[in-house]
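Throughout, read-outs are computed from the coordinates displayed, never taken from laboratory work. This structure is a prediction, so every number in the text was calculated from the model and none was measured. Note that we place each Cβ from the backbone using ideal geometry, even for glycine, and neighbour counts take in every protein chain shown.
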Amino acid sequence: MRNAPSVLNCARVFLLLSEILFFTPAFAQSNVTVRVMAANLNGNTQSYQPFALRILQGLKPDVVAIQEFNYTSTNGLNVNNPAAFRELVDTAFGTNYVYYREPTSGNGDIPNGIISRYPIIFATNWVDTQVANRSFAWAQIDVPGTNDLYVVSVHLLTSSSTARATEANNLKALMQANFPANAWIVLAGDFNAGSRSEACVTTWNGYLTDTPIPVDNNGVSDTSANRNAPHDYVLPSLALTNFETASVCGALNYPNGLVFDSRVYSPTDLANNFSPVQAADSGLAQHMAVIKDFSILATPATNPPVIVSQPNSQTNAVGVNISFGVNATGSGTLNYQWLLNGANILGATTNPLVIANAQLTNGGNYSVFITNNFGSVTSSLARLLVTNAPPAITAQPQNQTVLAGQTATFNVSATGTSPLNFQWLFNGTNISGATTNPFAIASVQSASVGNYAVAITNNVGSVTSAVATLSVLFTNPTVFAQWNFNSSPPDASSATGATTPSVGSGTATPIGGVAASFVGGDTVLDPAGTNDNTAWTTTPYPAATVGNKTAGVQFSVSTAGKQNLVISWSHRSSNTGGKYFRLQYATNGTSFVDFPTSTALTLGATFIAFTNSLAALPGVNNNSNFAFRIVAEFESTATNGPPGGSYLAANAPSSTYATSGTTRFDMVTVSGTSFITAIAASLAPVTFVNGQFTFSITGSVGANYIVQTSNNLTPANWIPVFTNGSPFNFTEAVSNAPQKFYRAVAQ
């Protein structure tokens with residue numbers, strides 16, 4: 001039996017400042033590396049040429065998802081027939097390779113196919129409803145070890161991202177319906193995607209993964225002919241990612257796999273590592289080849305347990321006695337440990353597992369871990385649904401303290417007859433659209449602070465969770481840039497001044513044809529003495545119905561390390577100056593956006609102080625390219641008045657607006673709060689209880705930390721599994737993998 005003491009005796013735990021490594025013992029094993037390639041290597045002829053065959057020879061793949069699978073024999077007699085394809089395979093790979101090419105219907109077809117070093121057990125194609133000259137080709141391959149490999153060769157459309165998204169969604173549904181739930185799968189080929197954020201790429205998240213992303217010898221991941229778009233992919237299923245390993249080509253090592261471009265290597269490097277590839281070969285191809293390698297068990301342990309029949313899912317009413325059984329073979333004594341939702345059930349070491357008087361809390365996913373002296377195996381999941389049960393909360397949402405601008409996530413665990421419906425509440429009121437579990441609040445601010453709960457319902461009843469309080473951490477606001485326009489050092493004259501900031505750094509510039517000079521400033525807000533108090537006065541401004549929101553003053557200031565921005569200034573217009581002005585901001589320094597409300601002045605000799613908070617606006621925080629400006633605005637756009645309004649309100653205490661009117665600015669100030677930087681996490685020793693291990697993470701109180709796991713310490717292979725605010729505990733069932741590593745890093 002595999003139990004907690006045995007794991008504790010053989011586990012080695014290493015505690016680091018910012019990560020934790022947890023080892024589990026490995027059985028004796030031997031591994032073989034399987035290299036999978038995506039290859040749309042045709043030139044403009046859409047038929048494979050010698051340059052493409054040299055690339056295939058140089059990269060030595062074991063399995064190839066090939067696109068535009070057309071070929072004419074070297075003697076010109078065989079065109080797209082079995083003899084031609086056999087010649088291509090024999091030349092590029094060897095006589096021991098096998099292939100599948102999807103059926104074609106006529107000239108102009110560019111079919112997909114699979115070429116393999118290992119036997120193809122079964123192969124076929126699925127119809128692509130978006131295109132007539134190709135479909136989705138796939139093969140079930142007998143790779144070494146206990147699992148088969150399912151490889152799908154795909155070539156999506158160039159016509160539009162919408163069509164590609166439809167193709168990807170259709171293909172995903174076909175794969176999930178036809179491939180085993182935990183199968184080893186690789187989807188490879190030409191997606192024609194313009195970016196990795198396009199829907200045809202992201203639709204695979206949670207099923208297949210693009211991580212880690214292969215790059216070429218210069219670190220470039222794009223695969224199109226001109227190397228400016230990520231067209232080609234090798235996407236393994238999550239069950240296969242644990243076996244991903246570096247791609248080794250001669251003396252060169254690529255931890256994330258390789259995007260191969262012959263043009264980035266010297267002739268010597270090509271000869272030593274990719275012979276017989278020539279330097280110009282990749283430049284003749286439509287796309288770059290992409291490879292990923294997987295290190296899998298080649299020889300299973302002698303006579304390990306083998307499951308003949310899996311446990312079956314069940315639906316039963318509350319109070320019924322339930323039995324889960326598994327039929328397994330293997331040498332010697334077989335030991336059983338049943339699990340519920342991935343965690344060991346204390347004392348559940350018999351076969352079958354009997355659950356007497358089943359209750360709501362017994363519902364979930366059951367599996368069994370079987371061991372003997374030669375190995376182990378885990379069954380598939382069997383779902384137990386306990387019917388006619390109202391919702392019951394098994395784990396309440398927890399209080400959280402989050403840094404301003406970060407994401408807060410509330411989660412509740414509940415059981416009950418499916419489906420369960422969730423409605424989150426804030427201070428007792430339903431949050432519109434908050435019907436998922438978990439529930440995430442992006443970019444929390446002061447308005448997010450309060451009490452959160454969730455109401456859970458099904459067709460039997462309802463329950464409301466306990467309240468979880470969200471607290472948000474802010475630093476104290478400080479002024480980090482200010483223009484008072486006074487001379488430095490003071491010169492006892494308000495007619496001279498400076499446009500360099502009196503606090504911090506930045507630039508101030510008149511814009512839109514306005515000229516600026518120095519005059520008397522705001523004697524209330526400016527700390528300078530009366531004789532040296534200076535403001536910036538501007539004139540002329542555009543005619544009454546010309547150049548709306550183009551003329552005024554502009555300020556550039558970096559907000560790096562700052563958030564919750566507030567901009568304030570003193571403002572005064574002469575009797576013939578503009579009455580309405582608008583604050584605008586830019587996140588790239590050049591493209592300005594209106595602040596939601598305009599600024600209205602009382603014309604005459606009085607400075608008026610204005611304050612505008614930009615805390616809720618996206619992109620202004622932590623931005624070295626931030627800029628803002630204050631510009632004159634038509635009355636009609638500022639007050640929703642009639643078209644053609646002037647800069648001066650009709651009821652202003654002045655007879656006429658004049659372009660020669662003046663506007664003064666003083667005490668232009670930018671303030672904000674600093675981001676809180678999380679310190680490195682410290683980790684407590686691991687404890688083992690009932691087949692689970694737990695460790696504690698502490699760091700900056702309220703700062704978020706991410707627990708990540710990997711099986712081989714490759715930098716790109718760390719997978720996030722849990723995020724929470726410090727301090728918190730992380731618990732997981734003891735892994736069956738040969739070894740696993742854990743670490744905690746600041747978010």
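Under DSSP H, which helices of the chain have Cα atoms covering 20 Å or more of the helix axis and a Kyte-Doolittle average no less than -0.5?
Numbers: long enough: 161-178 (25 Å, -0.53).
Helices meeting the span and hydropathy rule in the chain: none at all.
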Given Cα pairs under 8 Å that are at least 6 residues apart, what percent is the relative contact order of the chain? 11 percent
Structure-derived semi-axes √(5λ) of the Cα gyration tensor in Å: which label, when the choices are [x] 42, 33, 24; [y] 60, 39, 25; [z] 40, 30, 27: [y]
Taking the chain, how many lysine pairs are there with alpha carbons less than 27 Å apart, if each pair must be eight or more places apart or span two chains? 4
Between the alpha-carbon centers of the range 245-314 and the range 187-244, tell me the distance in whole angstrom. 14 Å
Rounded, prolate or oblate: which fits the range 478-674 when a ≥ b ≥ c are the square roots of the eigenvalues of the alpha-carbon gyration tensor, with rounded for a/c under 1.5 and prolate only if a/b beats b/c? oblate
Rounded to the nearest 500 deg cm²/dmol, what is the calculated helix-only ellipticity per residue at 222 nm for the chain, with -39500 (n - 2.57) per DSSP H run of length n ≥ 4? -2500 deg cm²/dmol
Fully extended contour minus Cα-Cα distance, from S624 to T550, at 0.36 nm per residue: 24.3 nm
Rounded if a/c under 1.5, otherwise prolate or oblate - the range 54-127, Cα gyration tensor axes: oblate
Burial order of peptide ranges 411-418, 77-84 (average beta-carbon count within 10 Å, highest first): 411-418, 77-84
At a Förster radius of 25 Å, what calculated FRET efficiency corresponds to the Cβ-Cβ distance of V318 and A395, to the nearest 0.05? 0.75
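Assigning unit charges at the beta carbon (Lys, Arg +1; Asp, Glu -1) and nothing else, what dipole magnitude in debye, to the nearest 20, does the chain show about its Cα centre? Could you put the intermediate results ahead of the total?
Numbers: 25 positive and 31 negative charges, 162 e Å.
Result for the chain is approximately 780 debye, rounded to the nearest 20.
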Pair N588, S105: separation of 7 Å Cα→Cβ label points (nm): 4.4 nm
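Hey, got the dipole for the range 478-674? About the Cα centre, +1 on K and R Cβ, -1 on D and E Cβ, debye to the nearest 20? Mind showing how you got there, number by number?
Working: 7 positive and 8 negative charges, 62 e Å.
It comes to approximately 300 debye.
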If amide hydrogens are placed 1.01 Å from N in the peptide plane, which non-local residues have theirs closer than 5 Å to the one on N40? Q67
Calculated from backbone phi, Karplus (6.51, -1.76, 1.60) coupling profile of the range 96-108 in Hz, x at Gly/Pro: 7, 7, 10, 8, 9, 10, 4, x, 10, 10, x, 4, x
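Once a ≥ b ≥ c are taken as the square roots of the eigenvalues of the Cα gyration tensor of the range 30-299, is the result rounded (a/c under 1.5), prolate (a/b larger than b/c) or oblate (a/b not larger than b/c)? Walk me through the numbers before you get to the answer.
Values: a/c = 1.19, a/b = 1.07, b/c = 1.11.
Rounded shape, in that the Cα axes give a/c under 1.5.
Quick one: length gained pulling S682 to N178 fully straight, 0.36 nm per residue minus the C-alpha distance?
On the way: separation 504, 0.36 × 504 = 181.44 nm, distance 4.55 nm.
Full extension of this stretch gives 176.9 nm more.
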